[in-house]
Every structure is written in structure tokens, then in C-alpha cells.
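Take a look at the structure below.
No lab work stands behind these numbers, since they all come straight from the coordinates. These numbers were taken from a predicted model, which means no experiment stands behind them. Positions of Cβ are generated from backbone atoms using ideal geometry, with glycine treated the same way; all protein chains shown enter the neighbour counts.
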Amino acid sequence: MKTSEKHAGAQRADRSDVDGQRPDRRTGLGRRILVARELGIVVALLLLVAVTTVTNPAFLSAQSIRDVLLGASILVILAVGQTVVIVSRNIDLSVGAVLGLVAFATGKLFGAAPGTPILVAVLVGIALGAACGVVNGVLVAAARVPALVITLGTLYVFRGIDHSWAKGEQINAADMPSGFLRLGTSTLLGIPLLAVIALAVVLLVGAYLQSYRSGRELYAIGSEPNAARLSGIPVGRRVFIAFVVSGGMAGLAGVLYAARFGTLDATVGTGIELQVVAAAVVGGVAIFGGSGSVYGAAVGAVLLTTIGSSLAVLRINPFWQQAVVGGLILAAIGLERLLAARAANRLRGRTSHGA
Amino acid sequence: MAHDTLYAHPEAPAPEPGARRAGALWRALFTRWDTWVVIVLAVVVVGAGASVDGFAGPRNTQFLLMDIVAIALIALPMTLIVITGEIDLSVASTLGLCSAVMGQLWVAGLPLELIVVLVVVLGAVLGVVNGVFVTKFGLPSLAVTIGTLAAYRGLSFVVLGDQAVADFPRQWTDAASSTIGGSPVPWSVLIAVVLAVAFAVVLHWTPFGRSLYAMGNNAEAATFAGVSVNRAKFWLFVASGAVAGLAGVYWTLRYASARADNGSGLELAVVAAVLLGGVSIFGGRGTLLGVLAGVLLLGSLRNALQLADVPADTLNVVTGALLITSVVVPNVVGMARSWLRQRRHQRG
């Protein structure tokens, strides 16, 4: 039963992509699914913004939008990396620990060599994150152990390394060059630079997953790993790369975190992996792989961030935020199941008509 | 697959006469994962007792045991759930929500006897929610319980905010850390042992328990064999919630403080202990004895290293490395063996 649904999921993912050229007007299946997925969450986001704005028009002010975008950027980047891993039917729980480790390393780097060019610092951060991803990828792909277990283990290991390195030390904004800290607050044409970087990452990875062969193969692996292997896809290598990408993204997020907040210790990013997985799931990425897009995950991350600021504007106890996020995850996976069942029904119906 | 022997099921091998039988038994014993966990545990305890000052003292033993009671309790139903191929990541949040509600009910003036019952029932209800989502709606338990992990923890903050309720009566909080007679064994351990025996009997000596392995290996085949997979899983999630509620009561009294963030992140420690104890994350394999040894192993290792002045946060490296080793080693050994067998096959 599970397998047949996965199969439907694969076709669904493929359909929503070819839909860009509209070859399949007859059933409109792909379009309907796409509408229900990415658009559903966009509508949820717009509704939330509308309701909040009616209560307090200042919510739609340029400053407040900038704040939300700034707040969401780091989560978006992490969610993009997570999506690449999840579509291949894996999961990366170590991203929070990697972010923390890289953020602290960035602080240390500037402490040791204050003259380091910003671009070098960013590249070092991405490389360190990718190295963590290599560890995950090797363990998952070569030893064929479930990613849930491996990344739960490396979550502990990376966090532990972070702690033993930091030894309770805290790095402050004063220890980092002001040029680097400006990266976290400056704007480009009125848009926060962080948000521009996040958007670039989304478009880049989105295009890769959608239009490149190895990107498409990740969906095939997530839909049915055995079938993917039999059809000649190098499953191990693709999964390995997915983890390296996720690690690299977490590294980038770590550097940006350091630039934005300036205050760094070994607890940075603790527990953020759940928010990241939540963003992806709420954004329509199926937790057992094979479907979903980075665009959905990115909007999911923005939605989660917006909820936080909306609650404050609506004068709702901010403690509700996490409970609402939990409810959203449940709603999202429930909806996902409903759509999958309907899509499977439709596909079955079409086959029986002899089309 | 060679992998299988490492996780061999608890049935004894078919009896053979004389010395061969003894040899087979020994072999069966030493190819089992849980045997090795027990051996490593013994080595760690003896080694730490000999080399770390104060490890073997009665006071440290008492605190070590009290620290692992909550993990041991929650690990019991978790073992059964993972054997069926599911997972419950919401346990620590259930513990937290139960603790928060316990605090509010005490502030509201209810008698503690009643509160304890209500809180355990609340835990069971939270388990019902997980069970309904997983078995009635057919959603993956990993996603569902990540959702309820966030939801329950969020609700516990809604219930209690960031304050703490700490004015529980002395005789109750003392009871949570009192020991049996003059021994260093806390009473709470006795509760854990009784529950552990109950869960072990259910898992290893009842048809219901055997059916859990069957559905973990192949849910479809189990269904065709007449096992009601969904009903069994539903009740396991309820049991998991109720036990997490009980652990919430214990946690609150042990630390004499009801807080919304009680037990944060405990689910990772529980899952780590269960997997270290030899339960396969794919379901279908594992024993309760192995899990209890895993819980004790993680607990004593952390405790010993802490006494040896290794900072608590650094210990995470050890926990994580153990967890990874416990899954990678049997897998790699299994792959190597089947590769060797294949080669022998090709030659012969």
C-alpha cells in the first residue's frame, strides 16, 4: 500500500513539473496538485498577513516586512538544504548543530584574523558545513544506515565538538569586524541583503532540482529507492551529494547567523532543526520523499516566521507560537495525505478508462 | 543475512544433544547484540568503579539511578513502538505538558493524589492523539510526532508560561528521591523495574508481543496473518503517552519544580538508548533487556565522565558516537559477511 502511494507521489512530482509547459490540459491533474500545494501555502500566508493587517495596518509597513524577511532568511536557507535531503527520502537533523558550529567558527576566525575578507569567511563557513555534510553523507550512503539515526548521532557529535571548543566562551559583536556585521543588517534596494541571498539560494537550488538530471534523480530515489537503483541511478552518490548540499547550506546559514546576531556561544541554533523540518513539511515537502519543492519549503519558512510576528501584533500570548506550528505540521501532513489519496484515485481511474 | 544473527530473536535455538548444544547456545548468545551491550555495560561500570573516584559510592549510585529513571520509563513503550516500525518523538513534550499541567492543578488547589491520576490520564490522551493520526489517518508517525512534539511543548508554555511551580509538599518531593531501606536504590527505580517486567512479559511472552515483531518485519504480511496492526499500534501510542505522563510526575517531584521546559530534548536521549540497546530502527528486531542495558550504559558513561570532570555538554560527543557506532558496525559487518559469502559462492 505504501509503495503504491509512493509511486503516485513520484508521478505527481513529475506532473507538476512538466506542467510548466502545459502538455496535459486534459486532466489538469498536475496543475490542480501544484495549485493545492505551493499555492495553498501562499494563500495561508496571505490570509495571515491580511488578518493581521486589518487588526494593525502597521504590520504591512516597509519596516515590518523587512523584519519578517530578515528573520526568515536563515530559516529559508536551512529549509532549502533540508528539502534536497528530504525529497531523497532522508532527513538531516544535524543542521542546527552544524549552524552552531559554523557560527562559532566564524567568530573564532575573525578573532584570529580580523582582516579576513568577508567572501573568504563565507566560503570557509560553507566548506566547514559541507565537511559536516560529508560525514553524514558517507555514513548514510556507504553504511546504508537510516539518516534519522545517523543525523541524530551527528547532531550530538557536532554540538559536543562545539561545546568542547567553546568551553563556555561567548563571542560578542565587538570581536568581529563591522563590515562583516553590516552584512546582517544592510539592504539592497530596500530589501535586506540576507533575504536577497536567501532568494538567490532558493532560485538556484530550485532550478537544479527542477531541471537538472541529477536533481530529478533525487525525486526518483525518494519515490522508490530500489526502482531508482535498478534503473541505473547512482543512489549512494546522489544521497551523499544531497547531504553535502544540506551541510553547506547549514554552513552558509551559520555565517549569516554570526553576521546578523553578533553574539555567539555553543548553544546557537539549538533545536532549530525542528523548525526547519516543520518549514519543509508545512511547505508541502513529503516527509518520506519523492515530492515537494524548495519554493514550497521557502514559503513554509516565511509562514512560520510571520506567525511569530503576527501573534505579537494580534496581542496573542507569544507562547502560542510553537503550539500553532505543531498544529500546522499536522494540518500539512493531513492535507498531503488527502491529496495523495485523491491523486492516486485519479490515476487509477484514468488507467481503467484505457487512456 | 549475517546482519540477522546480530539481532537474533530471543527464541532459543532448537535443542541439540550434548556438547554441540552448549556450543550452539554460546554462539547464539555471543552473536546477539544485547549480550554485547550488557558486556560493555559491565566493563564500563567495573572500569569506572575502579578508576573514577566516587563512582561506586552509594550517593552517586543513588543519583545515577534517579537520573535515568525517566529515560528508562519512556524507553519501555518506545522499544515496542520502534519494534513495530514506528517512532514517538513527542514523548519529552508530553512529559513537559504533563509537568506544566501538574503545576497549574496544584496551584488551583487540587489534592496531589488526584493530580497524579489526572496527569497520567492526560498523558494517555496525548498518546491517543498520536495514535489517531498514525492509525486512523494513516500518517507517518515520524511526521506526526514531530508535529505533536512542537504542539505539546507549545501548549505547555501556554499552560504555565515561563514560570515555575515549586511549592509541592516536602513529603512528596522527598518520596521521589527516597531510597529503599538502607540501600542506595531509590524507590522510583522499583516502579521502573515493575513496569519493565510488565513490558518485557508483554513483548516477549505474549502473542501480542510476538505480533509486534511480525508487523515490524512486514506489516502487510502481519495483516494477512490476522494481526490487527492498527489497533496494536494505537494502544502502543496510548501507553507511550501514559508512561510519559508518569515520567512527568516523577520529573516534577524529583526536581521539585513544574516547568514548561521540563525534559526538553529528552526524546533524543531515549531514542539513542533504544537504538544502542539493539532495537532496529527499521522495526522487527530488539529486546527489552538490551534496551535497559543501553539506558544504563548511556547513563553510567555520562555519569562517570562527569565525575572525571568532562563537561556535561562535551559528553554529547560520546552519546552521538555510541549511537552511530551501534548502527553502523552491525550494518557494515553484515555487508562484509554477505560479500564474503557471495565470493565463496562464486568460487565454489
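Within 10 Å of the Cβ of each residue in B:151-162, the mean number of Cβ atoms contributed by other protein chains is 5. With point charges of +1 on the Cβ of Lys and Arg and -1 on the Cβ of Asp and Glu, referenced to the Cα centre of the protein assembly as shown, which listed residue (B:Thr148, B:Ile81, A:Gly334) lies farthest in the positive direction of the dipole? Final value for the positive-end residue is A:Gly334.
Among B:107-117, A:278-288, B:128-138, the peptide with the highest mean count of other Cβ atoms within 10 Å heads the list, and the full ranking is A:278-288, B:128-138, B:107-117. When peptides B:300-307, B:65-72 are sorted by average Cβ neighbour count within 10 Å, with the highest value leading, the order is B:65-72, B:300-307.
Remark: B:Asp53, A:Asp265, A:Asp162 ranked as B:Asp53, A:Asp265, A:Asp162, counting other beta-carbon atoms within 10 Å and listing the fewest first. Derived from the Cα gyration tensor, the three semi-axes of the equivalent ellipsoid of chain B are 36, 26, 18 Å, largest first. If you model the stretch A:34-148 as an ellipsoid using its alpha carbon gyration tensor, with each semi-axis the square root of five times an eigenvalue, the axes come out at 33, 25, 9 Å, biggest first. Peptide B:131-143 has a mean shielding of 4, counted as Cβ atoms of other protein chains within 10 Å of each residue's Cβ.
Does the stretch B:53-176 come out rounded, prolate or oblate by the C-alpha gyration tensor, with a ≥ b ≥ c the root eigenvalues, rounded set by a/c under 1.5 and, if not, prolate when a/b is larger than b/c and oblate if not? Cα axes put the stretch B:53-176 in the oblate bin. For the stretch A:292-334, the gyration tensor built on C-alpha atoms gives an oblate shape. Its axis ratio a/c (a ≥ b ≥ c) is at least 1.5, and a/b is not larger than b/c. Charging the Cβ of each Asp and Glu at -1 and of each Lys and Arg at +1, and nothing else, the dipole of chain B about its Cα centre rounds to 1320 debye.
Each residue in A:Phe59, A:Phe104, B:Phe208 was given a count of other beta-carbon atoms within 10 angstrom of its own, and listing them fewest first yields B:Phe208, A:Phe59, A:Phe104. Under the criterion of Cα pairs below 8 Å and six or more residues apart, the relative contact order for chain B equals 32 percent. Computed over chain A, the P(r) tail beyond 38 angstrom holds 18 percent of alpha carbon pairs. Stick to the Cα atoms of the protein assembly as shown, pair each with every other, and give me the Kirkwood hydrodynamic radius in Å at one decimal. Computed over the protein assembly as shown, the radius equals 26.7 Å.
GNM on chain B, alpha-carbon springs under 10 angstrom: the most fluctuating residue among B:Arg254, B:Arg59, B:Arg32 is B:Arg59. Counting every other Cβ atom within 10 Å of each residue's Cβ, A:Ser164, A:Ser291, B:Ser280 order from fewest to most as A:Ser164, B:Ser280, A:Ser291. Per the Kirkwood formula applied to alpha carbons, the stretch B:130-228 shows a radius of gyration over Rh ratio, Rg over Rh, of 1.13. Taking N as the residue count of the stretch A:176-219, its C-alpha radius of gyration divided by 2.2 N^0.38 Å amounts to 1.63.
For the stretch A:130-282, the gyration tensor built on C-alpha atoms gives an oblate shape. Its axis ratio a/c (a ≥ b ≥ c) is at least 1.5, and a/b is not larger than b/c. Amide H to amide H, with H built 1.01 Å from N, A:Phe288 comes under 5 Å of no residue 5 or more places away or on another chain.
Screening chain A for whole DSSP H helices with an alpha carbon extent of at least 30 angstrom along the helix axis and a mean Kyte-Doolittle hydropathy of at least 1.6 yields A:62-87, A:118-143. Between A:Ala200 and A:Arg348, the distance separating the two model label sites (each 7 Å from Cα on the Cα→Cβ line) works out to 4.8 nm. Taking every residue in B:319-331 and counting other chain Cβ atoms within 10 Å of its Cβ, the average works out to 6.
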